[in-house]
1. Looking at the stretch 110-139, I want the residues that are surrounded by fewer than 21 Cβ atoms within 10 Å (Cβ to Cβ) and have a partner that is in a helix (DSSP H, G or I) and among the polar types (S, T, N, Q) with Cβ atoms under 7 Å, at least 6 apart or on another chain. Which pairs are those?
2. Determine, yes or no, whether residue 95 is out of contact with any Phe, Trp or Tyr (no Cβ under 7 Å at 6 or more places or on another chain), part of a helix (DSSP H, G or I) and at pLDDT below 95.
3. Yes or no: residue 188 buried (at least 17 other Cβ atoms within 10 Å of the Cβ), closer than 23 Å to residue 80 by Cα, more than 17 Å from the chain's Cα centre (by Cα) and at pLDDT 95 or above?
4. Look at residue 237 and say whether it is touching a Phe, Trp or Tyr at 6+ places or on another chain (Cβ under 7 Å) and touching a residue at least 24 places away in the same chain (Cβ under 8 Å).
5. Given the structure, is residue 168 of a type in the set (D, E, K, R), without any contact (Cβ under 8 Å) to a residue 60 or more places away in the chain, closer than 16 Å to residue 192 by Cα and crowded, with 16+ Cβ neighbours inside 10 Å?
6. Collect the residues in the stretch 65-81 that are hydrophobic (A, V, I, L, M, F, W, C), more than 18 Å from residue 105 (Cβ to Cβ) and surrounded by fewer than 16 Cβ atoms within 10 Å (Cβ to Cβ), keeping them in residue-number order.
7. Which condition number in (1) in contact with a His (Cβ under 9 Å, 6 or more places away or on another chain); (2) part of a strand (DSSP E or B) is the one that residue 190 fails?
Amino acid sequence: MTRLPTIERFDSSNGARIYRIPLEAFPEFIVYCYVVLDAGPPTLIDVGSGFGNCNEQLLSGLEALHDQFGEPFLPMHIERILITHGHIDHFGGIGFAREHTQAKIGIHPLDRRVLTAYEERVVIASKELRIFLERAGVDEALRQELLDMYTFAKQHVNSVPVDIKLEEYKPLDGMEFIHTPGHCSGQVCIKIGDILISADHILARITPHQAPESITHYTGLGHYLDSLYKIARVEGVRVALGGHEAPVYNFYERIIEIRASHQRKLNHILDLIDRSGAPCTIEQISAAMYPDKQGYDILLALEEVGAHIEYLYQHGQLAISNLEQVEQEVNPPLYYGIA
């Protein structure tokens, strides 16, 4: 089992105490949840994946606030659970957390059905993913393998009711919500004084994963870049606490770095297609950019490349070269060339 980082405390400028609790969402993959005290009733932000030992780590992390930090707090005292976005590493443990707290649950309206109609969402998302993989040029055997991996880790979650809408311009006990779609449709960053819970929008080291909006509305690189500009206009952020990785103390500089990273990927794709001398599928470009990916990382690479190709196509820099085949067949691979 992966050794977890230590729990950390952060004090915001508005008097709230924020505890950062690490969990192993999946093997060797750390996610953070947050307990916010003295900003209204005790609030838990995100709950981990519910996979493996994650639920037990969540419970022991909550208990540590009393045992290690001397807070007059027990897990049963949590009255609100706020989910930053509808990805399973952040909400998969919601049923377990709700059983132990009886807390009210909040999420942005665009991700609401991920919680309230979870089973429906898995079916629809899987269908859209299959269509994307076909258009990306992925062969049938690998398509099925990737779809099986996609659905496997989602079988332990059931639908739960949602009580609170996390919406912009409607603060909640000193917490402000900034809707930042792109990485996920209903993702919100939560500003608490001079601290920003940045979810997966701003991370310290990696650029947050992108997927095409052809799979899910309000995702896609265009929405993400727009959200970067939006969050850059939020003033007074001393530190951003993400859903993964280290705290970000160079918040505004980090935004510039992420923008530059995506521009390099866009330029790389254009260069690969130009040098190939022939139109390319998403699968071909993904294999060229990420030749060493294995297992589930193959799917993440395909989605990342797909989001960037979609953006280039939307902005008139790429064109589909096999229109006659597209017209005649149900869902053939799409070949992209320089427009």
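1. The qualifying pairs are 122/151; 126/151; 137/284.
2. So residue 95 passes the test.
3. Considered against the rule, which asks whether it is buried (at least 17 other Cβ atoms within 10 Å of the Cβ), closer than 23 Å to residue 80 by Cα, more than 17 Å from the chain's Cα centre (by Cα) and at pLDDT 95 or above, residue 188 comes out as no.
4. yes
5. Numbers: of a type in the set (D, E, K, R): yes; without any contact (Cβ under 8 Å) to a residue 60 or more places away in the chain: yes; closer than 16 Å to residue 192 by Cα: yes; crowded, with 16+ Cβ neighbours inside 10 Å: no.
Spelling it out, it is not the case that residue 168 is of a type in the set (D, E, K, R), without any contact (Cβ under 8 Å) to a residue 60 or more places away in the chain, closer than 16 Å to residue 192 by Cα and crowded, with 16+ Cβ neighbours inside 10 Å.
6. 69, 74
7. Here residue 190 clears every test but (1).
Here is a yes/no grid of residues against (1) over 16 Å from the mean Cα position of the chain (by Cα); (2) more than 19 Å from residue 243 (Cα to Cα):
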| site | (1), (2) |
| --- | --- |
| 26 | no, no |
| 29 | no, no |
| 61 | yes, no |
| 66 | yes, yes |
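The values are calculated or read from the model by the stated rules, or taken from the named source; none is laboratory data. What you are looking at is a predicted structure, and each value in this text was computed from that prediction instead of being measured. Cβ coordinates were reconstructed from backbone atoms using ideal geometry, including for glycine residues, and neighbour counts include every protein chain displayed.
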